[in-house]
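S.K.: The structure is given below, and queries will be raised subsequently.
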Amino acid sequence: MLTVAIALGSLAAFLVAYHTYGRWIARRVFVLDGDANVPSVALRDDVDFAPTRRSVVFGHHFTSIAGTGPIVGPAIAVFWGWLPALLWVVLGAIFVGAVHDLGALVVSIRNRGQTIGEVAGRVISPRARLLFLLVLFFALTIVIAIFGLVIAKIFSFYPESVLSVVVAMPIAMVVGWLTYRRGVGLFWPSIVSLVLLYLAVYLGVYGVEGIAGGAAWHMVMPSIESWGDFNSPTVMWTIVLLAYCFAASVLPVWLLLQPRDYINSHQLFVALGLLVVGLCVAGLSGQADLLASTEAISTNVPADAPPMFPFLFITIACGACSGFHCLVSSGTTSKQISTETDAQFVGYGSMLLEGMLAVLVILACCSGLGMGVDLPSGEHLVGRAAWESKYAAADGWVNFQLPSMIGAFVEGGANFISVLGLPRELCIAIVAVLVACFAATTLDTSTRLQRYVIQELGSTLGIKPLGNKYLATLVAVVAGGAIAMLPGPAAGSLPGSGGLLLWPLFGAINQLLAGLALLVLVFYLARRGLPFWFAAAPMLLMLIVPGWAMVYNLAFEFDGNLLLLALGSIILVLQVWMVIEAAILWPKIRGVMEETLPPLPARGVV
């Protein structure tokens, strides 16, 4: 019963917050104007800038921000108990994450769709712009590397998910072409596409020989013996995914990004609906007992685990607050919003929905996984032992790895859905496809965002060739791929086994990035004489706590790992430098507007 109460209580809290706190920020602070000129109209090119219905923009924005972050973070954090994780997700999403996402979106809309890094150069200082762009470059390189490997791992663990993810891309392109070139409405083609997607899920489980058998990667990349250590499914899939990202990030947004994300949003609502209904049935029937599955505050934390404070706040990033979201808000979403008044629904609303997803992950990993699994031997395992039996997660914090965290959610979520009478193997495929599609969306959106950042860096540093979108995209893909292909620290480790070591670094960088984005928002509001306290409090939290965690990592956790030490040190120095720049300038900017943007050239004039 407690499982159901937590789910419904969290949903009620998010709904109340949207219609009170979110509405106050949107209407009283930002004063969103439905008649204001927006970048998607003023700069329309139908490649990056394209005015779009808010339901479609919401689908793009949510599926881009909700990758594996709100799944992995909460799944790891329940090591400290489900109560601290739950409180940070609910309160963090309402008062920190949603404020951050909405603020970044509005600031970008009112600055011609510029990224938050570009805006920093005007509202703080030109040097702050360069520092911010460098932080963005390092952060996105790590995101591309990790998410490429995550999808490859998902395909390895759940080969039945491959077919659905692969066919989703051409189907989305057909829908985009029908909608934007043939004038066909988007809704019904997207519903047909959803049906085809789930048909592919079924075929992946039952109907296509070889896919369910674990050799699905041969569909795309055959075995090449001469590749030596690089001839592995993980490496091959990573290469294929990065090649796809290059193509997807340079295509017009209407051809792939918008229809694919709209279809994925339908898939999301179906999968979440199944999870919620299954959770309610399992909870009310007593099959999913949260108190019997895990402790509210854990007394059995691994000896080598870092302290809950400050690490809870960087372990759970997406789902509570994530700096990556400011890149989506200001990088792609602001270029598609067709009216300012859609910003609350897209920016604030998407973050709350992601918070709800994180709540479901916590319940799936604690209560759903506690429903257990049956082994071929007839043994029935519950809780942590259930997923350790399949993923062989060793004892201790350092071995509690990313793939097994994803597996915890997939297995626990499948347990919820299976109480509705669906075969468990099909339920596993449904949840695995949900995770893989989310991660794929985040991966190619990150590549597009990195292309913007590299082009801006090229402009700032006077490197003109980087202004070319194809070269900038190639740099993004190669940099991310190089990090992803790193071998692990152990002797004889294969390429691709070391990239996941960056996950601990990602959490701290991601939250520091959120703090910097909130810093830009505070400066934007202060220059206009608007209330900024609601952004200043989460800004301080997201600067101090992740900074503390980064220092702890550098001192105690990254010992011997030169890559983590180097990247962590560089990013921490850049962040501190930018904060110092802002602190020096702060007494001089209250009520003083930044330099205005130059007027736009007349249409048709070069």
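S.K.: Can you give the three extents of the C-alpha atoms in segment 1-54 along their principal axes, from longest to shortest, in whole Å?
M.R.: Principal axes ranked by extent give 52, 28, 12 Å for the Cα atoms.
S.K.: Could you compute how fast segment 503-570 diffuses translationally, taking Rh as the Kirkwood radius over C-alpha pairs and applying Stokes-Einstein at 37 °C with viscosity 0.692 mPa s? Give it in µm² per second.
M.R.: 255
S.K.: Roughly what would the spin-label model give for Trp548 and Trp177, points 7 Å off Cα along C-beta, in nm?
M.R.: Calculated label separation equals 5.5 nm.
S.K.: Also, quick follow-up: Stretched out fully, how many nm does the piece from Val192 to Leu2 gain, at 0.36 nm a residue minus the Cα gap?
M.R.: Result for the pair: 64.6 nm of gain on full extension.
S.K.: Still on this structure, please answer the following. Run the Debye formula on the Cα coordinates of segment 517-606, all scatterers equal and no solvent, and tell me log10 I(q)/I(0) at q = 0.20 1/Å.
M.R.: Evaluating at q = 0.20 Å⁻¹ gives log10 I(q)/I(0) of -0.96.
S.K.: Which whole-percent values make up P(r) of segment 53-201 when all C-alpha to C-alpha distances are grouped in 5 Å steps starting at zero?
M.R.: Values per bin, smallest distances first: 2, 7, 9, 14, 15, 16, 17, 12, 6, 2, 0.
S.K.: If segment 405-445 were replaced by its equivalent ellipsoid, with semi-axes equal to the square roots of 5 times the Cα gyration tensor eigenvalues, what would those be, largest first, whole Å?
M.R.: Equivalent-ellipsoid dimensions as semi-axes: 22, 10, 6 Å.
S.K.: From the mean inverse distance of alpha carbon pairs (Kirkwood) and the Cα radius of gyration, derive Rg over Rh for segment 112-161.
M.R.: Ratio of gyration radius to Kirkwood radius: 1.30.
S.K.: Once both labels are modelled 7 Å past Cα along the beta-carbon direction, what's the Ala12-Phe556 spacing in nm?
M.R.: Placing both labels 7 Å along Cα→Cβ, they lie 3.9 nm apart.
S.K.: Based solely on C-alpha atoms, express the radius of gyration and the Dmax of segment 293-348 in angstrom.
M.R.: Computed over the Cα atoms of segment 293-348, radius of gyration and Dmax are 17.8, 52 Å.
S.K.: Could you tell me, in Å, what Rg and Dmax come out for the Cα atoms of segment 129-215?
M.R.: 17.8, 53
S.K.: Can you give me the accessible area per residue for segment 31-106, using a 1.4 Å probe, in Å²?
M.R.: 26
S.K.: Let me ask you something else. Which trypsin sites (Lys or Arg not before Pro) in segment 1-56 sit in a loop by DSSP (not H, G, I, E or B) and have at most 16 other Cβ atoms within 10 Å of their own Cβ?
M.R.: Listed in order of number, the matching sites are Arg44, Arg53.
S.K.: Which values, in whole Å and largest first, are the semi-axes of the equivalent ellipsoid of segment 1-130 obtained as the square root of 5 times each eigenvalue of the Cα gyration tensor?
M.R.: They are 32, 18, 16 Å, listed from largest to smallest.
S.K.: For Val433, Val478, write out the residues from largest to smallest accessible area, computed with a 1.4 angstrom probe and no ligands counted. All intermediate terms of the calculation are to be shown ahead of the outcome.
M.R.: Working: Val433 0, Val478 90 Å².
Putting Val433, Val478 in descending order of accessible area: Val478, Val433.
S.K.: So if each residue of separation counts as 0.36 nm, and I subtract the Cα-Cα distance between Val270 and Leu600, what length gain in nm does that give?
M.R.: Numbers: separation 330, 0.36 × 330 = 118.80 nm, distance 4.33 nm.
Computed gain between Val270 and Leu600 is 114.5 nm.
S.K.: With a bin width of 10 angstrom, please list the P(r) values of segment 94-138 as percents of all Cα-Cα pairs, from the 0 bin to the one holding the largest distance.
M.R.: For segment 94-138, the pair-distance distribution reads 29, 48, 23, 0.
S.K.: Translational diffusion coefficient of segment 62-149 at 37 °C, 0.692 mPa s, Stokes-Einstein with Kirkwood Rh over Cα pairs, in µm²/s as a whole number.
M.R.: Value of D from the Cα-based Kirkwood radius: 215 µm²/s.
S.K.: Got a number for carbon plus sulfur as a percent of segment 28-112's accessible area, 1.4 Å probe?
M.R.: The C+S portion of the solvent-accessible surface of segment 28-112 is 56 percent.
S.K.: Using the beta-carbon distance between Ile463 and Tyr202 and R0 = 41 Å, what value does 1/(1 + (r/R0)^6) give for FRET efficiency, to the nearest 0.05?
M.R.: For R0 = 41 Å, the calculated efficiency reads 0.25.
The values are calculated or read from the model by the stated rules, or taken from the named source; none is laboratory data. Since we're looking at a predicted model, the values are computed, not measured. All Cβ positions, glycine included, derive from the backbone under ideal geometry; neighbour counts span all protein chains shown. Heavy atoms of the whole protein, side chains included, go into the accessibility calculation; ligands, DNA and RNA do not. Shrake-Rupley method; radii C 1.70, N 1.55, O 1.52, S 1.80 Å.
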